Amino acid sequence: MMNWSVILSISRTHLLSRMKQTIIAALGVTFGIGTFIILVSFMTGLNGLLDGLILDRTPHVHIFNEIKPSKRQPVHFFDPYDDSFNLIHSVKPKFRGEKINNALPLMELLKSDDRVKGITPAVKAQVFYSAGMLELNGLLNGVNVMEEERLFNLEDYIFEGIPKVLHQTSNGILIGKGVAKKLSLTVGDNVQVISSKGDLFQLKIVGFYQSGLAEIDNVQSYVNLKTAQQILGEGDSYITSLNVKLHDLEEAPRMARQIERGYDLTAIDINEANAQFETGTTIRNLITYAVSITLLIVAGFGIYNILNMLIYEKMNDIAILKATGFSGRDVKYIFIIQALLIGLSGGVLGLIFGYFVSLLIDHTPFVTEALPTITTFPVNWNPMYYIIGIAFALASTFLAGYLPASRAEQIDPVEIIRGQ
Amino acid sequence: MTGHAIPSVLRAEKINKYFTDPVSFHVLKDVSLEIKKGEFVSIMGKSGCGKSTLLYVLSTMDTNYSGKLYLDNRLLTGQGGEALASIRNEYIGFIFQFHYLLPEFSVVRNVMLPGLKLGLKSAEEVYQDAMEKLRLLGIANQAEKLASRISGGQKQRVAIARSLINSPKLIMADEPTGNLDSKNADNVFHLLRDLSHQEGLSLLVVTHDQDFANQTDRIITMEDGRIMSTA
Ligand SMILES: Nc1ncnc2c1ncn2[C@@H]1O[C@H](COP(=O)(O)OP(=O)(O)OP(=O)(O)O)[C@@H](O)[C@H]1O
Ligand SMILES: [Mg+2]
């Protein structure tokens, strides 16, 4: 029969009477867990930030009409040459235009798919921004701005304006920050663009667009879908790309392959587009856990040592306890509980320590051109990490305490009593 | 045995024990004995004849022997460590030559621990019992002191109080007065004898003190691991 209150009280007395060693052992755990919390909160915060940066605005599946040579060249249609090795030089792509055929029905079809959260059409139009004698190369992105906001957080990259205003202003433009700077334009000004066919259009600036990547901001602007179609002299059905957002990102590659197979289109999934991105996330997670586990192993050895020493000092106590009717198992639990108490107190302290340092990081200013909406370092406040942290602390101290405690279980009281 | 016989508390049958390290050594040779309820028995013998070894076997702490051991006619030999620990806890009190106390616990806590382990009474009741035992031994005023902060004689009395806490059937003591001056030794002796007479407690005490032994009900004499007489 286990009598936990006695066992607990004995453990507590042992710990309290060795305050210094107890504190040192607990601080080891505190350090390990604190570091884990800080690292994991910061690293995953960083991951989240980059997720936001890349994943949120990258379509899960990007569908467009790529200009490329046909896979099947005329010679392939000629049966007698089927078994031969055909060499074709200087293959030229056939010009089909960038337009996606039947884009609107395709959109409706994809919208009815359960996996799809939303889909936005886009028209890209090459233009020149003109100001007096100056002509700047530019790219107009014609989008359904409200959908773009809902699915790809367009608002995060818009300054001195909101997407709604563009939606309401038929000839509005969210102009690239770089372009605006070069042309000394502010909100409310008009800007002239020249289409590739040479037509001139007046657009009214309703806000700035800044992605954080200078190459993009020096070129790209957002306009309404309709505006882009007009500039190109095309009708409502002229769509150059479809951007799909899914409920589950993992479905992206499968969906992309299905679209490519079903239609004569190119579909790029987010993993293809950001192959290096996943690797970065994985490596950051790996570093976080590797460092934390290393620290906990070090703390674990500290606890192992201290408990081993404690048991050596406490031989007499162990013998007395056993002689007066405590079983080997009772004695084992007395020491395991000491390890767990060290783990618990050190762990909780580590969580508090980690929390406050994370708070500090969260309030540390972090301003960079590349990330316009970020003002402080990113921290992930997921409470799950605190649960993992305390579980880590208990598991590692349990392991560290188990061996010494089992040794205490085996101690023969007769040997100790006789030894006096 | 007749129907009127006083029941036996502890019975050992042909106990044999060997030490194998460093050389094989036959330390207990065919030891048989019986302690009856309320009996105060002493064991005497030359140093090294195996008294302590025998006591450890009888107290169930040492299970490495052959032969049979009964407590209240219940066979103890062959029982597991867990079961033996709880039997020790409930039925057997042990007093060591050196006053084994837990130095970081208070005096009264030391006395309470086996009672708390037994778990039949609330902590408050065990505390009251412990205080009563300490009063009986005249050291109630030391109750809240740390066990490491009292004198040798006081420690010995605390150890006796502890052995009594669960009202055991049998108390074994290995030279309980060996460390005490003659006055304290006398005190301890009278205390044990009173307990034996008043509470029907059985006592088995190893001693080198002939005067002490003479006042017990019966003396078992040992020589070279054998019982020579049980008169
Ligand atoms: N662990 C051991 N290994 C081998 N031999 C041992 C061991 N313990 C005791 N002995 C031997 O067993 C014999 C009996 O020892 P024990 O301690 O029982 O004697 P004792 O009668 O209690 O002596 P004393 O009166 O001095 O306490 C001694 O000869 C001792 O040398
Ligand atoms: Mg001895």
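The values are calculated or read from the model by the stated rules, or taken from the named source; none is laboratory data. Just so it is clear, the structure is predicted and the values come from calculations on it, not from any experiment. Cβ sites come from the backbone with ideal geometry, for glycine too, and all protein chains shown count toward neighbours. In case anyone asks, the SASA skips ligands and DNA or RNA and just uses the protein heavy atoms, side chains included. Shrake-Rupley method; radii C 1.70, N 1.55, O 1.52, S 1.80 Å.
In the stretch B:170-193, of all residues being surrounded by fewer than 18 Cβ atoms within 10 Å (Cβ to Cβ) and part of a loop (DSSP other than H, G, I, E, B), the one that is farthest from ligand 1 (Cβ to nearest atom) corresponds to B:D181. The one condition from (1) under 19 Å from A:I318 (Cβ atoms); (2) away from ligand 1 (no atom under 16 Å from the Cβ) that B:K145 does not meet is (1).
For the criterion of being part of a loop (DSSP other than H, G, I, E, B), open to solvent by 10 Å² or more (accessible area, probe 1.4 Å) and over 19 Å from A:K204 (Cα atoms), A:K117 fails. Kindly check whether there is at least one residue in the stretch A:149-168 that is among the polar types (S, T, N, Q) and modelled with pLDDT of 85 or more. Looking through the stretch A:149-168, at least one residue is among the polar types (S, T, N, Q) and modelled with pLDDT of 85 or more.
Of all residues in the stretch B:100-136, those satisfying the criterion of being facing chain A (nearest Cβ under 9 Å) and basic (K, R) are B:R109, B:K117. Among the residues of the stretch B:25-60, the one identified as in contact with an Asp or Glu (Cβ under 7 Å, 6 or more places away or on another chain), within 7 Å of ligand 1 (Cβ to nearest atom) and assigned to a helix (DSSP H, G or I) is B:S52.
Residue-wise test of (1) open to solvent by less than 10 Å² (accessible area, probe 1.4 Å); (2) outside the structural domain of A:N102 (by TED's automatic domain parsing); (3) of a type in the set (G, A, S); (4) in contact (Cβ under 8 Å) with a residue 60 or more places away in the chain.
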position: A:S241; (1), (2), (3), (4): yes, no, yes, yes
position: A:H247; (1), (2), (3), (4): no, no, no, yes
position: A:E251; (1), (2), (3), (4): no, no, no, yes
position: A:L265; (1), (2), (3), (4): no, no, no, yes
position: A:N285; (1), (2), (3), (4): no, yes, no, yes
position: A:S292; (1), (2), (3), (4): yes, yes, yes, yes
position: A:N308; (1), (2), (3), (4): no, yes, no, yes
position: A:Y312; (1), (2), (3), (4): no, yes, no, no
position: A:D330; (1), (2), (3), (4): yes, yes, no, yes
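Taking the listed residues B:E132, B:E125, the one that is farther than 30 Å from B:D186 by Cα and free of Cβ contacts under 8 Å to residues at least 40 places away in the same chain is B:E125, with no other qualifying. Just the residues that are open to solvent by 70 Å² or more (accessible area, probe 1.4 Å) and at pLDDT 80 or above, please, taken from the stretch A:267-283. Of everything in the stretch A:267-283, those that are open to solvent by 70 Å² or more (accessible area, probe 1.4 Å) and at pLDDT 80 or above turn out to be A:T282, A:I283. Restricting B:T77, B:T63 to those that are within 16 Å of ligand 1 (Cβ to nearest atom), open to solvent by 10 Å² or more (accessible area, probe 1.4 Å) and of a type in the set (V, I, T) reduces the list to B:T63. Within the stretch B:137-157, one or more residues are within 12 Å of another protein chain (Cβ to nearest Cβ) and touching a Ser or Thr at 6+ places or on another chain (Cβ under 8 Å).
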